[in-house]
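Below is one structure; the comments refer to it alone.
Derivation of every value follows stated rules applied to the coordinates shown; laboratory data play no part. Just so it is clear, the model here is predicted, and its values are computed rather than measured. All Cβ positions, even for glycine, are placed from backbone atoms using ideal geometry, and neighbour counts span all protein chains on display.
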Amino acid sequence: MAPQYAPSLRSRLPLVAFLLETIFILLFVFFVKIEQHESDSKLFIRSYAEFQDIHVMIFMGFGFLATFLVRYGFSGSGFNMLLAAMAVQWAVLMNGFLLPQRHRREIHISMKSVIEAELCAASALVAMGAVHGKTNPVQLLLMALVEVTGFVINQWILRTLLRADPLYSIMMLHIFGALFGVMVSWVLHREGINPKHEKEKIDRSTGLFAMFGTLFLWMFWPSFNSALVSHRWERELKLTVIYGTYLSLAVSVVMAMSVSMLTSSKGKMNMVHIQSSALSGGVAIGVAMTAVHAPWIAMVIGFCAALLSALGFQYMKDHMLFAFECHDTCSVLNVHAIPGILGWFAHLFIRLASNEGTIAVRFAVYHICVLLITVCMSLVIGTATGLFLKLSFWRPQQDSKCFDDQAFWEFPNLVVHK
Amino acid sequence: MAPQYAPSLRSRLPLVAFLLETIFILLFVFFVKIEQHESDSKLFIRSYAEFQDIHVMIFMGFGFLATFLVRYGFSGSGFNMLLAAMAVQWAVLMNGFLLPQRHRREIHISMKSVIEAELCAASALVAMGAVHGKTNPVQLLLMALVEVTGFVINQWILRTLLRADPLYSIMMLHIFGALFGVMVSWVLHREGINPKHEKEKIDRSTGLFAMFGTLFLWMFWPSFNSALVSHRWERELKLTVIYGTYLSLAVSVVMAMSVSMLTSSKGKMNMVHIQSSALSGGVAIGVAMTAVHAPWIAMVIGFCAALLSALGFQYMKDHMLFAFECHDTCSVLNVHAIPGILGWFAHLFIRLASNEGTIAVRFAVYHICVLLITVCMSLVIGTATGLFLKLSFWRPQQDSKCFDDQAFWEFPNLVVHK
Amino acid sequence: MAPQYAPSLRSRLPLVAFLLETIFILLFVFFVKIEQHESDSKLFIRSYAEFQDIHVMIFMGFGFLATFLVRYGFSGSGFNMLLAAMAVQWAVLMNGFLLPQRHRREIHISMKSVIEAELCAASALVAMGAVHGKTNPVQLLLMALVEVTGFVINQWILRTLLRADPLYSIMMLHIFGALFGVMVSWVLHREGINPKHEKEKIDRSTGLFAMFGTLFLWMFWPSFNSALVSHRWERELKLTVIYGTYLSLAVSVVMAMSVSMLTSSKGKMNMVHIQSSALSGGVAIGVAMTAVHAPWIAMVIGFCAALLSALGFQYMKDHMLFAFECHDTCSVLNVHAIPGILGWFAHLFIRLASNEGTIAVRFAVYHICVLLITVCMSLVIGTATGLFLKLSFWRPQQDSKCFDDQAFWEFPNLVVHK
């Protein structure tokens, strides 16, 4: 007979977290200092505001977007906070060790390094979306740290081998994170949640909590895309990115709702589809942004991204499950990977249209290499991570305890003494 | 026998939204460019922060304030997002075509133009409050676009004929939006929701979700009122507006709670009244702000606004329904129109007190004209819009499906396959 | 037989609030002006952004953190808004009268004065945490105003007698507020809620609403600690405080979750413990911040603060109740007082380690005096306030109406007419 309770993580999570946190603090002791020469006070003010917008997106936006499942709200927001807090610390270290803003063997914390660390954490949170509800927090924690490591290495390869623009290489976070997460989810596939787990649904409250996260992501996305564009040296690009992201997102909301209603047999909208697809415009424009120069191009990209994403959510999610046995809880494939690749295509076409002959060909080859390397890295590392996390040593919960807070959280009806 | 389901909008909403969005994108192709000469980087930083505060108010504040009804949360926040996203795009175009910041037949997007567009969207969202829960999204969408058009035309008249200050003319948004909405609601009156619809109430969760929206509106209102005051040329006014709005709102919270408890027979507070009346101080001070020069005047205005608004909510809302057959779901008349007119009176009296003779009379005449034109425009356009939306072509839901998400949203208990 | 309903406050709260508000407005008429010479436009921009972060923390953060009880959400967020709005107005006046930024018998409102007023309000809200759910709004209102008065007097003593740094004296707010609140709660102890009140628990929704408040506090804490550090004169300190608070909070989240799981017999996490303990790193670093110069020290302080706080929540809260008859609803002793004192010790040790001989001894004596004065003041004023609030004139609710919104709020099932 199956055990009644989910396996206790008392001997796993605290140990792993204590250990990692101690290692992080020791690494900070020896390698990390605070950068005291932020170039200029005005830029610090600007960066701090952008940093906070991103900070809100990572902790509030992703955290509450993950509360949509009817019985998994505590885990959604709680584990998001745990993972992001760990991932940020690790990303500061990894970025400092591998990427070039390092000073004489020391890592200097600055607004730029913290913003980059939060973007790396975002990439881990995207990956988490694919396995949402089907793994325990120890697995999530290890997965997040491996994902950040893989993503930073991928950036290092792109920047060192292909001399890619740092801005462009970091915007691969959506594609990398989504494919990584999908591979982990594919390896960890559970037969028991097929065809549809009874707890994998929303209700009135959780739908609104998730709307909340969606709105924070949606509202602050212009800062997310533009934060690493220098206000001093690339002012024109910065304005273009801000207004472009804003308009692209405005169009994708309208399209997400229209497509959701159009594809429903009863003519009703689906809250989960809308929440996710409304964001696809921001993903697509993020990858394409350095090439977009007119507001209407951004709007067209938002239009297509939401169209593809909403159709994908409606038709492809179930297909993925039945055909490939790959269950993708938040449908990150349709929300991050496909709009990301759409943005990549848009980038390519705009550049090809504005260049000629040899330059165009060289750009195309370079551009294709960037995508191919990112895709390969994410698939390989994702598969390896999945295999590692499949070990029963990590005490995954039973199928019936998936999508359920009871496995990890004390609930008051269980502890009231009276 | 009445049909069991609300009429499907599958053939209406997607079509209307696709069509409008395509027209918007085409207009953007030909007319809209990004302004690359924002006067100065420091001002851009400042404006971007203010823009984001307003952005949060429009999408998060209004969106969650609209979730207060027990079964209408998805529609409240979802339709708010759809409407606001469409209204902003349309307002950028309308403002660009009619109002003078246009360059050689081109519209240049800048922080100023986006902030103005969001304020126009706010005006449409105020109007939406009056018909909240009694119209379907197609009707709301058309209503929002007409409202924005009317409001921009009203601004154009005030600025061209009366040479009104742009700042003053845009703050008429509360009065214009509220009266417009009330007229639409009056024309669309449904006998079936009389005396009180069973779903027109709050519960513990929706009350807190609405508190959320209230707080975002309340906290960021100083930015809402001061965003269009130039930091460079009108610094003194800017500081006065920020601190004045802050103090006015602090007083109106206290008054809203006191009056709500005082007018209740059991000595209990009413969450809905408090949430709305706490904001009335911000509305009133917005209309009066260019004349207010001392903190205590702002506090007195906040005091009176909350008093009137809370009394109005308690006694006038039902009276409006029984006497005039005009049902005003969010009581926008008491929250936006009456405090707005109070602010207008305060503005008038302060100016009369500080001027003498001819100047005072001329100011009074001009000031009265501004109000009269705005009121007439809003009443006329509102009535016309109501008549247009009454067409059964738009497939309004049945009375029993009012205030109910089931009419427009898929719910999981209907879609679970297991 | 006990009365069925909670006593009506209709004759108390509106009267007290009207009266106080009128007095405040009169004081504003005679003493308060708006400061028109904010030193510099760039600093104003910076201060306004920080002010808004703190504004969000006070009204949204504390307000929603207080919604965790299953039947006390309306009161939690509503009373928080009322109290904070009153406390801010009163703190502007008290700070202006007692503390030296006063100009020729006038109080000038500036960003600095508003930020200080909000920090004083924070201190009152911390105190409110200890009596949360067990007092009515009139008692809370009076308690908040006395607390602010006491805290400002304490600051005045520290600054005048001990020439303490204003920054350091204001960060005593956590220790002062928490001990004040605990004393009030001890004096007002109700036998009837022993051993555990049936309504003192969370559910799925309120846990997420509280998560919300937690996250806003957590995300914006770097602004809370650094807002009063001058960007111009103490830039190095400002950066250290921002990054230090950020890292300290990141570590304390990880530790709070680990300890919560480790100390639970079933290996499950407790949402309430995590929400509170995750913030303890910010409290501790706030008190220690002027002495912390390396990121890893901040991380170690966050580590220890969360450890102590989570252990205290698990083991000390019940002990306090049984041994001392002191019920501390939000466990502010473990969340604010103990991490605050830990930060105080950290401050002391770091200073002692970096100085020698006489200087070290003098610093230690001064440092100990600051703590002793603050602790004594808070205990004495807290006890006196408790005795004053114990008068039955204030109509406290019955024990069975504790932790229950029904006592103060209209609910729709009671007012529906149909």
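Exposure proxy for A:Asp399, C:Asp404: other Cβ atoms within 10 Å of each Cβ, ordered fewest to most, give A:Asp399, C:Asp404. Ranked by the mean number of other Cβ atoms within 10 Å of their residues, highest first, the peptides A:89-96, B:322-329 fall in the order A:89-96, B:322-329. Its residues counted as N, chain C yields a C-alpha radius of gyration over 2.2 N^0.38 Å of 0.97. Aspartates and glutamates within cross-link reach of B:Lys266: Cα-Cα under 15 Å, excluding same-chain residues under 8 positions apart? Within the straight-line limit of under 15 Å, B:Lys266 reaches these aspartates and glutamates: C:Asp405, C:Glu410. Label points for C:Val361 are taken 7 Å from Cα along Cα→Cβ. From this copy to the others they lie 8.5, 8.5 nm apart, shortest first.
Here's the list of aspartates and glutamates a cross-link from A:Lys33 could span, going by alpha-carbon distance under 16 Å and ignoring same-chain residues fewer than 8 apart: A:Glu106, C:Glu236.
For the listed residue pairs A:Lys268/B:Lys196; A:Lys134/A:Lys201; C:Lys201/C:Lys401; A:Lys238/C:Lys238, the alpha carbons are over 24 angstrom apart in A:Lys268/B:Lys196; A:Lys238/C:Lys238. For the protein assembly as shown, a simple Cβ point-charge model (Lys and Arg +1, Asp and Glu -1, everything else neutral) yields a dipole of about 220 debye relative to the Cα centre. Electrostatic bookkeeping for B:Ala122 treats Lys and Arg as +1 and Asp and Glu as -1; over the other residues with beta carbon under 13 Å from its beta carbon, the sum is -4. Shielding of peptide C:89-98 by partners, expressed as the average count of other chain Cβ atoms within 10 Å per residue Cβ, is 1. Label point of C:Phe388 (7 Å along Cα→beta-carbon): distances to the other copies' equivalent points are 6.1, 6.1 nm, sorted ascending. All other residues whose Cβ lies under 15 angstrom from that of A:Tyr366 are scored, Lys and Arg at +1 and Asp and Glu at -1, for a net of +3.
Relative to its residue count, the protein assembly as shown spans a Cα convex hull of 171 Å³ per residue. Each Lys or Arg adds one and each Asp or Glu subtracts one; over the other residues with Cβ under 13 Å from the Cβ of B:Ser265, this totals +2.
Built from the Cα atoms of region A:1-160, the convex hull projects on average onto 11.3 nm², one quarter of its surface area. Toward the positive end of the charge dipole of the protein assembly as shown, with +1 on the Cβ of Lys and Arg and -1 on the Cβ of Asp and Glu, the farthest Cα among C:Gly150, B:Trp409, A:Leu83 is that of B:Trp409. The magnitude of the dipole of region C:285-418, with charges of +1 and -1 set on the Cβ of Lys/Arg and Asp/Glu and taken from the Cα centre, is near 240 debye.
Across B:Val187, B:Val380, B:Val361, mean-square fluctuation computed from a Gaussian network of chain B (C-alpha pairs under 10 Å connected) peaks at B:Val361. Taking a cut-off of 12 Å between Cα atoms, list the aspartates and glutamates near C:Lys317, but don't count ones fewer than 8 places away on the same chain. Of all the aspartates and glutamates, those that pass the test against C:Lys317 - Cα under 12 Å, at least 8 places apart if same chain - are C:Glu325, C:Asp328. The calculated 222 nm mean residue ellipticity attributable to helices in the protein assembly as shown amounts to -22000 deg cm²/dmol, summing -39500 (n - 2.57) over DSSP H runs of n ≥ 4 and dividing by all residues.
Say we join alpha carbon atoms closer than 10 Å with springs in a Gaussian network model of chain C; which of C:Ile368, C:Ile242, C:Ile115 then has the biggest fluctuation? Result for chain C, Cα springs under 10 Å: C:Ile368 fluctuates most.
Using a Gaussian network model of chain C in which every pair of alpha carbons under 10 angstrom is joined by a spring, one finds that among C:Cys369, C:Cys330, C:Cys402 the greatest mean-square fluctuation is at C:Cys369.
For the pair A:Val29 and A:Lys266, label points projected 7 Å from Cα toward Cβ lie 6.1 nm apart. Taking the DSSP bridge list for the protein assembly as shown and keeping only pairs wholly inside it, about 20 percent are antiparallel. Within chain B, helices built from complete DSSP H runs that reach 27 Å or longer along their own axis (Cα positions) and carry a mean Kyte-Doolittle hydropathy of -1.0 or higher are B:73-98, B:111-131, B:137-161, B:204-226, B:235-263, B:357-389. Ascending distances from the B:Phe322 label point to its copies in the other chains, with the point 7 Å along the Cα-to-beta-carbon line: 5.8, 5.9 nm.
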